[in-house]
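A short worksheet on the structure shown next.
Every number in this text was worked out from the coordinates using simple rules, so none of it is lab data. All figures in this text were calculated on a predicted structure; none of them were measured in a lab. Here the Cβ is made from the backbone with ideal geometry for all residues, glycine too, and neighbour counts use every protein chain on show.
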Amino acid sequence: MKNGFKVFDSDTHVMPAAEVIERHVDPAFRPRLAELAQYRVPMRQSAEYQGSFHGYRIQPQFYRRVLGEAAPRPDHSGRDTVWMGQQLPRPGVQDDAADNRILDMDEEGTDVHFLVPGGWSSLVGVDDPSLESGMIRAFHRHMDEFCGRYPARLKGPIVASTRDVTGAVAEIEKWGKSTWAVAVKPQVYKIPADHPSLDPIWKAAADHDLPIVHHSSTWNPPYYPGHDDMWDNIFLGRLASHPWGAMRFVAAFIGGGIPDRYPNLRFGTLECGFGWLPFWGRRMDEQYAYVGSTAQLKMKPSDYLKSGRYFCSIERQEGEDMYRMVTEFLGPDVLMYASDYPHSECQFPRSIDNILAWQSLGPAARQKLFWDNATHFFRAN
């Protein structure tokens, strides 16, 4: 709790090292870890990653060119970011140090973390979907152990392979009533989000009152649209990756008629910005009327954003004025607080303080932003 407000952080991250997640693989899958050895690399030392573990890097995108220069720099990775916080998170919070994570949450004033997975999930980019599905099962066991130590405070998604729909539904059925599972995160990459083959995933999620979350990626699959067209530059890539991915997902999900077929299914976008929502809503309305080529919808596309079933996490840097503009367009029940902890973009341990500094937000607006909207979006346990 912070200044009298309970706080639900709708976008934080968990990226268990290979040594951590591999503890949880099926016995029958364990021999297949040899096939993944080619993707195992030492974790780079940074503010986020401490220690000598390994991570998975699958089909990585390198951004070696600096804008204004003719050729890429061989020694420029594009991955060196500026740590935006005032102090580093405690060790192991991305791996299995749940106690340290809770200490960080207490220090910052956060009651609940929603944990978005990374690293291993880039296996959506390998040709064999059974490798991805095997690691998804291991991740769910890891989450059950990690979050199970603090079941009221640590939550996350059931990851759903879009290439193994039967396996995805089985995982939703297996974990759908667990205390940690409060959403479903489909691995949307080369199969469109609106493809009818994915309907069993939406149905299983709706049956378990689990919303669908989208979170884009910059460095590894599942890539954002146009990722090969950034002229090898991370400034362009990071600008485009999360918003473009969210824009496409929202338009396809709505345009494919999924909210109409599953009227109780909620959906949302995380770490993708929010200032684009009014523009995108109006543009979807115009293109729906102008070119069509969608399912026959029961209302205008923008109305789904205002329907009480769509939610979006905020980005601090978009600011108080952008928050006011978006809430004026969509209403006060859409936007959710998020910090991006423990990634370098967060401002730990003052992420909440930076939002409390938005002076035009009264107590009711802060209550919705910090707690109510997220608890309406994610399944309550």
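For each pair in 155/177; 6/368; 6/306; 2/368; 300/368; 6/155, compute the distance between the two Cα atoms and list the pairs where it is over 20 Å.
Correct reply: 6/306; 300/368.
Please grab the % of Cα pairs in the chain that end up more than 32 Å from each other.
30
In deg cm²/dmol and to the nearest 500, what is the mean residue ellipticity at 222 nm of the chain if only DSSP H runs of at least 4 residues count, each as -39500 (n - 2.57), divided by the residue total?
One gets -10000 deg cm²/dmol as the mean residue ellipticity at 222 nm.
Counting only residues 5 or more places away or on other chains, whose amide H sits under 5 Å from the amide H of residue 66 once H atoms are built in the peptide plane?
73
Among 285, 96, what is the fewest-to-most ranking by other Cβ atoms within 10 Å?
Starting with the residue having the fewest Cβ neighbours, the order is 285, 96.
Between residue 367 and residue 190, what's the calculated FRET efficiency when r is the beta-carbon distance and R0 is 45 Å? Round to 0.05.
Result of the calculation: an efficiency of 0.65.
Would you please give the residues with an amide H less than 5 Å from that of residue 182, counting only those at least 5 places away or on a separate chain, with H modeled from the backbone geometry?
Those lying under 5 Å, H to H, from residue 182 are 156, 158.
Show me, for the stretch 26-36, the HN-Hα J-couplings you get by feeding each phi into the Karplus relation (A = 6.51, B = -1.76, C = 1.60, θ = phi - 60°), rounded to Hz, glycine and proline as x.
Karplus values, whole Hz, x for Gly and Pro: 4, x, 5, 8, 3, x, 7, 4, 4, 6, 8.
Are there trypsin sites (Lys or Arg not before Pro) in the stretch 140-225 that DSSP marks as loop and that have at most 15 other Cβ atoms within 10 Å, and which are they?
Answer in residue order: 149, 177, 190.
Residues with amide H under 5 Å of residue 162's amide H, sequence separation 5 or more or different chain, H placed in the peptide plane at 1.01 Å from N; which?
When sequence neighbours closer than 5 places are left aside, the close amide H contacts are 187.
Given +1 on the Cβ of Lys and Arg, -1 on the Cβ of Asp and Glu, and no further charges, what dipole in debye does the chain carry about its Cα centre, rounded to the nearest 20?
420
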